[in-house]
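Asker: Structure in structure tokens, see below.
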Amino acid sequence: MKKNHLIFILLVIANFAFAQTTINSNTVNEINLIDLLKTGGWAMWPLGLFSFFMITLIAQNIFSLRAKKLLREDFMPNLIDLMIQKKCKTALIFCKKNPCLFTNSLGSGLEKCINSSHNPDIQRMKESIEEATLEQSAALTKSIDYLSIIGASAPMLGLLGTVSGMIKAFQTMGTTGMGKPELLAANIGEALITTATGLIIAIPAMFFFFYYKKSFHKTLVTLGRNIGFLIEALEKGEQPISFLDIEEIEKMDGE
């Protein structure tokens, strides 16, 4: 719940932090989005697209990269029982009917031993699972990588808008001198607003990039552990020790 609140706050900051007020000696004028676009010049349009794209990616990753959706740990007891009984075909059908990162990876390995359930080739199974996991990971992390691209490109685009604004400011000074400060102020405003906007977009983009990257890495570690338990159950024909009760462990031989 706290994570959802944090995400909501950062999204609000990313889109509305620049909707501030400017104070002059006489009045207080509110600057809306249209005014910012006009003041910031051409660079504000691609930065606006970056902002929209960033929000879309963040929202998409919230739903598509949830560990519960990718791992489906509630499937583990049923699949462990099937592995102990060496019912690879039944387990494969179960995986096909319930697709997710976990079942897709496991199903790829089960396909290699479906014709040799009583003497499965564990090494081929592991290799197939690893390949399937890498393939799915590349597809799932694509949206995370896009956040990194936005985080790196937005400040540079803002800086380009700054350079453009400063060039216009010096051109104004060269043609009109200092007699029309309002024209010079508009050019300088363009220079400053694009830099600020680029940073406002880049900061949450990079934050969520590292957050999702770390979260997905943790998911892959858990995936590897769970699949390891299933392979152990298939290979030994017994429950993995991690799934045994304390009473059952105490009954085992050895100290």
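Asker: From the residues in the range 86-120 that are basic (Lys, Arg) and under 30 Å from the mean Cα position of the chain (by Cα), which one is nearest to THR133 (Cα to Cα)?
Answerer: Among them, the one singled out is LYS96.
Asker: Looking for something modelled with pLDDT of 90 or more and among the charged types (D, E, K, R) - is there at least one such residue anywhere in the range 92-106? Explain how you work it out, then say what you get.
Answerer: Of all residues in the range 92-106, those modelled with pLDDT of 90 or more come to 92-106.
Subsequent filtering for residues that are among the charged types (D, E, K, R) retains 96-97.
Within the range 92-106, one or more residues are modelled with pLDDT of 90 or more and among the charged types (D, E, K, R).
Asker: So the check is Cβ under 6 Å with 6+ separation or different chains; which pairs have a first residue in the range 162-181 that's polar (S, T, N, Q) and a second one that's modelled with pLDDT of 65 or more?
Answerer: Close Cβ pairs (under 6 Å, with a partner that is modelled with pLDDT of 65 or more) amount to THR162/ALA191; THR162/THR194; THR162/THR195.
The values are calculated or read from the model by the stated rules, or taken from the named source; none is laboratory data. Note that the structure is predicted; figures quoted are calculated from it, not measured. For neighbour counting, all protein chains shown are included, and Cβ atoms are generated from backbone atoms with ideal geometry for every residue, glycine included.
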